[in-house]
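Written below as structure tokens is the structure these notes are about.
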Amino acid sequence: MTWGLSATILAPAADILRFAAYHIEQGAHRLYIYLDDDNQAVCPPLKQHPKVRVQICDTAHWKRLCGQRPVKHQVRQTMNATHAYDRRAEVDWLIHMDADEFLVADRSISKHLEGLNSTQPHARARPMELLGGSETAFKAFLPPGPSRAKTVRATYPTFGPYLTGGFLSHVAGKLFVRTGLPDIQIRIHNAFQAGQILPNPVELPEIALAHCHAKSWEAWRNTYAYRLEKGSYRAELKPAMAAESGGITLHEVFNHLEASEGEDGLRAFYDEVIGDSPDMRARLQAHGLLREVDLNLDTLMAKHFPDAAV
């Protein structure tokens, strides 16, 4: 049972190679890497690896797909993911991921996929979220249920009501989709067939999507404005709690913090929700939500791309 991934990436060359090397080590049979810019430094080592297929997303690429380059990066991601799915199938399963996401499993990912019913079209891997300032500590996914809101409020006493499952980033995770199905369109967190969402994906509880959403205070602060305007904190996203129950979006939370407390307010949010600290680890540990995983990215990059000059 073979699997592969597609990713549309705008990142430094070393980050791209770490992402690719990690998943080659995890057993990916094919990596379809779409470079959102003309990253000349990373093209040669990627192209030389037999498991990697590289596409530079230049004017010619977008003309073939849709006429011109979509403005929103989310649209570029989904179009490239669908393009990868529509290629001649080289794997049994394909998952669309971002370059800051890493599949973590207790055993071979192929073995997990082999255990699925042969008629199952898709399966979902849920995320865990990196603590900012750590390379190994993650907060675990908290499944929906009657106790989720109570646990989130206890773990994040100030900002918990505005967080879905205690996560700053997505809780939906990403989908493995069985290849060879007709009329499939891949979205960031879902898949559609003939214009209708594929329902009821099976959960893969033993595969986690390690999401390095905020590696440090500086890294988070540097991406904050973009995410607030165009990314995962943008205004149109739904709040964690229904508006009629008093819920407001993260976009509104951040705007309020900036207006009332400025930089101190953003830092307080980071420290309670994202940043690694003994207090944060104790709060997570109290609810069984602390995970320790060493992704070993630099070592794996050196192993799989030993001659890359990045």
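The values are calculated or read from the model by the stated rules, or taken from the named source; none is laboratory data. These numbers come from a predicted model, not from an experiment. When we count neighbours, we look across all protein chains shown, and the Cβ atoms used for this are built from the backbone with ideal geometry, even at glycine.
Considering only region 211-227, I want to know if a residue exists there that is over 25 Å from Glu90 (Cα atoms) and assigned to a strand (DSSP E or B). Give the derivation first.
Taking region 211-227 and keeping what is over 25 Å from Glu90 (Cα atoms), we get 211-227.
Filter once more, so that each one left must be assigned to a strand (DSSP E or B): 211.
Yes, there is a match, as at least one residue in region 211-227 is over 25 Å from Glu90 (Cα atoms) and assigned to a strand (DSSP E or B).
Only one of Leu295, Leu300 is farther than 16 Å from Trp220 by Cα, touching a residue at least 60 places away in the same chain (Cβ under 8 Å), in a helix (DSSP H, G or I) and within 22 Å of the chain's Cα centre (by Cα); which?
Values: Leu295 fails: in a helix (DSSP H, G or I).
Being farther than 16 Å from Trp220 by Cα, touching a residue at least 60 places away in the same chain (Cβ under 8 Å), in a helix (DSSP H, G or I) and within 22 Å of the chain's Cα centre (by Cα) holds for just one of Leu295, Leu300, which is Leu300.
State yes or no: is Asp92 within 22 Å of His213 (Cα to Cα), in contact (Cβ under 8 Å) with a residue 40 or more places away in the chain and in the same structural domain as Ala7 (by TED's automatic domain parsing)?
no
Of the residues Thr155, Thr151, Thr136, only one is buried (at least 19 other Cβ atoms within 10 Å of the Cβ) and at negative phi; which?
The unique qualifying residue is Thr155.
Does Ser108 fit the bill of being under 24 Å from Leu297 (Cα atoms), at pLDDT below 95 and among the hydroxyl-bearing types (Ser, Thr, Tyr)? If you could, list the steps in order and put the result at the bottom.
Working: under 24 Å from Leu297 (Cα atoms): yes; at pLDDT below 95: no; among the hydroxyl-bearing types (Ser, Thr, Tyr): yes.
Taking the combined requirement at face value, the residue does not satisfy it.
Could you pull out the residue among Arg124, Arg87, Arg178, Arg107 that is over 14 Å from the mean Cα position of the chain (by Cα), closer than 17 Å to Gln193 by Cβ and not aliphatic (A, V, I, L, M)? Let's see the steps before the verdict.
Numbers: Arg124 fails: over 14 Å from the mean Cα position of the chain (by Cα); Arg87 fails: closer than 17 Å to Gln193 by Cβ; Arg107 fails: closer than 17 Å to Gln193 by Cβ.
Going through Arg124, Arg87, Arg178, Arg107 in turn, the sole match is Arg178.
Tell me which residues, restricted to region 83-139, are under 24 Å from Ile33 (Cβ atoms) and out of contact with any strand residue (DSSP E or B) (no Cβ under 9 Å at 6 or more places or on another chain).
Arg88, Ala89, Ser108, Glu135
Spot the failing condition for Leu130; the list is (1) out of contact with any Phe, Trp or Tyr (no Cβ under 6 Å at 6 or more places or on another chain); (2) within 22 Å of Phe254 (Cα to Cα); (3) touching a residue at least 60 places away in the same chain (Cβ under 8 Å); (4) among the hydrophobic types (A, V, I, L, M, F, W, C), and only one is missed.
Condition (1) is where Leu130 drops out.
Name the residue that is farthest from the chain's Cα centre (by Cα), counting only residues in region 60-79 that are under 16 Å from His96 (Cβ atoms) and in a helix (DSSP H, G or I).
Leu65
Evaluate region 124-133: report whether one residue or more is closer than 19 Å to His211 by Cα and assigned to a loop (DSSP other than H, G, I, E, B).
So in region 124-133, the residues closer than 19 Å to His211 by Cα come out as 124-133.
From what is left, the residues that are assigned to a loop (DSSP other than H, G, I, E, B) are 131, 133.
Yes: one or more hits.
Pairs under 6 Å by beta carbon, first residue assigned by TED's automatic domain parsing to the domain that holds His122 in region 174-203, partner outside any loop (DSSP other than H, G, I, E, B) and of a type in the set (D, E, K, R), six or more apart or different chains?
Leu175/Arg124; Pro201/Arg124; Glu203/Arg124
Would you confirm, using the coordinates I've provided, whether Ser118 is of a type in the set (S, T, N, Q), within 23 Å of the chain's Cα centre (by Cα) and within 24 Å of Val202 (Cα to Cα)? Step through it out loud before you land on a result.
Values: of a type in the set (S, T, N, Q): yes; within 23 Å of the chain's Cα centre (by Cα): no; within 24 Å of Val202 (Cα to Cα): yes.
It is false that Ser118 is of a type in the set (S, T, N, Q), within 23 Å of the chain's Cα centre (by Cα) and within 24 Å of Val202 (Cα to Cα).
For the structure I just gave you, tell me whether Val273 is surrounded by 19 or more Cβ atoms within 10 Å (Cβ to Cβ), within 24 Å of Phe102 (Cβ to Cβ) and assigned by TED's automatic domain parsing to the domain that holds Lys230. Walk me through it before giving the result.
Values: surrounded by 19 or more Cβ atoms within 10 Å (Cβ to Cβ): yes; within 24 Å of Phe102 (Cβ to Cβ): yes; assigned by TED's automatic domain parsing to the domain that holds Lys230: yes.
Against the criterion (surrounded by 19 or more Cβ atoms within 10 Å (Cβ to Cβ), within 24 Å of Phe102 (Cβ to Cβ) and assigned by TED's automatic domain parsing to the domain that holds Lys230), Val273 qualifies.
Let's see how each residue does on (1) more than 20 Å from the chain's Cα centre (by Cα); (2) farther than 29 Å from Ile207 by Cβ; (3) among the polar types (S, T, N, Q):
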{"site": "Tyr224", "(1), (2), (3)": "no, yes, no"}
{"site": "Tyr233", "(1), (2), (3)": "no, no, no"}
{"site": "Leu257", "(1), (2), (3)": "yes, yes, no"}
{"site": "Asp271", "(1), (2), (3)": "yes, yes, no"}
{"site": "Leu284", "(1), (2), (3)": "yes, no, no"}
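From the list Ala309, Ala240, which one is farther than 26 Å from Arg124 by Cα, part of a loop (DSSP other than H, G, I, E, B) and at pLDDT below 95?
Residue meeting the stated conditions: Ala309.
Within region 55-82, track down each residue that is free of Cβ contacts under 8 Å to residues at least 40 places away in the same chain and touching a Leu at 6+ places or on another chain (Cβ under 8 Å).
Of all residues in region 55-82, those free of Cβ contacts under 8 Å to residues at least 40 places away in the same chain come to 55-56, 58-71, 75, 79.
Of everything in region 55-82, those that are free of Cβ contacts under 8 Å to residues at least 40 places away in the same chain and touching a Leu at 6+ places or on another chain (Cβ under 8 Å) turn out to be Gln55, Ile56, Met79.
Any chance you could count how many residues in region 189-214 are within 30 Å of Asp271 (Cα to Cα) and crowded, with 16+ Cβ neighbours inside 10 Å?
8
Of all residues in region 151-180, which are of a type in the set (Val, Ile, Thr) and in a strand (DSSP E or B)?
Residues of region 151-180 that are of a type in the set (Val, Ile, Thr), as a first pass: 151-152, 155, 158, 164, 171, 177, 179.
Within region 151-180, Thr164, Val177 qualify.
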